[in-house]
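These notes concern the structure reproduced below.
The values are calculated or read from the model by the stated rules, or taken from the named source; none is laboratory data. Values in this document were obtained by computation on a predicted structure and should not be read as measured data. A quick note on method: Cβ atoms are made from the backbone with ideal geometry, for glycine too, and the neighbour counts reach across all protein chains shown. What goes into the accessible areas is simple: the full protein's heavy atoms, side chains included, and nothing from ligands, DNA or RNA. Shrake-Rupley method; radii C 1.70, N 1.55, O 1.52, S 1.80 Å.
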Amino acid sequence: MNRVLEVFVVFLRLGFTSFGGPVAHLAFFHDAFVKRLKWLDEETYSDTLALCQFLPGPGSSQLGFAIGYLRAGIPGAFAAFVGFTVPSAALMIGFGMGMLHISPDADAPWLQGLKIAVVVVVAKAVWGMAKQLCPDRSRITLAIACAVTMLALGIAWAQVAVIVIGGVFGAMIFRSKDDAPIPTKAAEIGKQESRLKSSFWLVLFFVMLIGLPSAANIFGWEEATFFSGFFQAGSLVFGGGHVILPLLRDFVVPNGWMTDDAFMAGYGAAQAMPGPLFTIAAYLGTVAQDAPFGGIVGGIVALLAIFVPSWLLVLGALPFWKRMRGNPVFAAALKGANAAVVGILIAALYQPVWLAGIREPRHFIIGLILFGLVMFWKLPPWASVILAAGLGYGILGLT
């Protein structure tokens with residue numbers, strides 16, 4: 001079988017079956033590409049995963065893109081993206097079209113249930129990321145300080161500055177002898193693409209990051225505003241899909257393209273889908289009202305805009321990764337930046353997630369039941385979303 005077609009088929013199967021969010025996706029990828037298909041060895045997989053966790057954007061989608069690239073070049077990378085992303089994106093666009101036709105009441109019990117489900121899913125993400133990325137008092141303290149800063153400023157876009165500050169603190173206080181360079185067979189990972197070409201991808205990324213909003217402001221192009229908003233969200237978010245929540249909300253809601261309730265409903269529905277959480281962009285583009293794009297076209301444009309940064313960054317960073325990762329100062333800065341990401345997610349758990357989802361004791365009761373089932377009885381996220389809608393209807397709608 002042609003390698004590009006082979007990549008597409010494997011990732012399409014994963015796109016239909018990979019429920020559970022980024023952590024589960026990484027387990028699926030390891031099982032498929034290291035253990036079963038043996039496309040990568042353990043060291044190459046670990047090194048590529050480390051790169052994708054360092055870069056802003058959707059970590060599991062970037063890893064899939066990188067695996068496709070290592071297997072079949074740039075065509076393989078895009079085959080992996082299409083296969084892994086299209087199932088979830090199509091479902092989210094379909095959900096968005098349904099929301100446009102149904103136009104549910106903002107206080108609809110099942111809709112409130114979805115918002116409660118978002119509280120539970122984000123709380124679980126905070127718990128898991130804090131255990132992994134803040135294993136000591138220093139990093140926990142830094143995470144709390146970053147959360148306080150985010151809530152005090154009240155601006156979602158401040159998270160970039162918070163992450164930079166976290167990295168600076170990390171470089172100063174988290175450096176240890178364990179951060180010494182480690183030889184790895186994955187040193188060959190970047191030789192498939194010349195550094196000159198890789199530099200081109202990085203330059204193109206920064207040109208688009210700066211140029212798109214500038215063009216929108218100078219020439220008043222609403223289309224550029226729409227595209228650049230999703231592009232910037234995909235460019236500046238660290239820590240995976242849940243951290244992007246405040247960025248996207250602060251882009252689409254203040255512009256009057258949708259209500260907070262419609263936004264949170266889409267975020268809740270995204271938890272029940274396979275594949276990457278970033279496909280919420282397809283839903284947001286679909287339901288956007290009075291935007292330059294909308295419906296199916298808006299969903300596709302938003303989807304592409306939010307993923308383009310990850311493509312450019314992966315293609316641009318692969319050849320330089322080993323040198324960067326082997327630097328002990330950089331490794332220490334990465335610890336601080338990761339702690340800052342936890343702080344950002346803590347802030348997002350409160351605003352907008354908690355304030356939108358928990359507004360009375362009955363909401364808290366549903367959330368507490370779901371949290372126990374998800375955290376300690378290992379209820380899958382997709383099942384928790386369906387159950388949340390049912391509990392919302394049963395407890396809130398019939399009482």
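What to note about this one:
Residue by residue, here is whether (1) out of contact with any Cys (no Cβ under 6 Å at 6 or more places or on another chain); (2) open to solvent by less than 20 Å² (accessible area, probe 1.4 Å); (3) touching a residue at least 24 places away in the same chain (Cβ under 8 Å) holds:
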| site | (1), (2), (3) |
| --- | --- |
| VAL10 | yes, yes, yes |
| HIS30 | yes, no, no |
| PHE33 | yes, yes, yes |
| LEU49 | yes, no, no |
| PRO56 | yes, yes, yes |
| SER61 | yes, yes, yes |
| ALA66 | yes, yes, yes |
| TYR69 | yes, yes, yes |
| VAL86 | yes, no, yes |
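- Qualifying position, being part of a helix (DSSP H, G or I), touching a helix residue (DSSP H, G or I) at 6+ places or on another chain (Cβ under 6 Å), open to solvent by less than 30 Å² (accessible area, probe 1.4 Å) and within 22 Å of ALA356 (Cβ to Cβ), among ILE116, ILE93: ILE116
- Scanning region 199-239 for residues that are surrounded by fewer than 18 Cβ atoms within 10 Å (Cβ to Cβ), assigned to a helix (DSSP H, G or I) and small (Gly, Ala, Ser) yields SER199, GLY211, SER214, ALA215.
- Unmet criterion (only one of (1) touching a Gly at 6+ places or on another chain (Cβ under 8 Å); (2) farther than 30 Å from ILE140 by Cβ; (3) β-branched (Val, Ile, Thr)) for ILE366: (2)
- Among the candidates GLY390, GLY343, GLY336, GLY372, residue that is more than 20 Å from PHE263 (Cβ to Cβ), assigned to a helix (DSSP H, G or I) and touching a Cys at 6+ places or on another chain (Cβ under 9 Å): GLY343
- Lone qualifier among LEU91, LEU153, LEU111, LEU142 - being under 19 Å from the mean Cα position of the chain (by Cα) and either more than 18 Å from PHE307 (Cβ to Cβ) or in contact (Cβ under 8 Å) with a residue 12 or more places away in the chain (or both): LEU91
- Given (1) assigned to a helix (DSSP H, G or I); (2) open to solvent by less than 10 Å² (accessible area, probe 1.4 Å), number of the condition GLY275 does not satisfy: (1)
Per-residue answers, yes or no, for (1) aliphatic (A, V, I, L, M); (2) not in a helix (DSSP H, G or I):
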position	(1), (2)
ALA27	yes, no
LYS38	no, yes
TYR45	no, no
CYS52	no, no
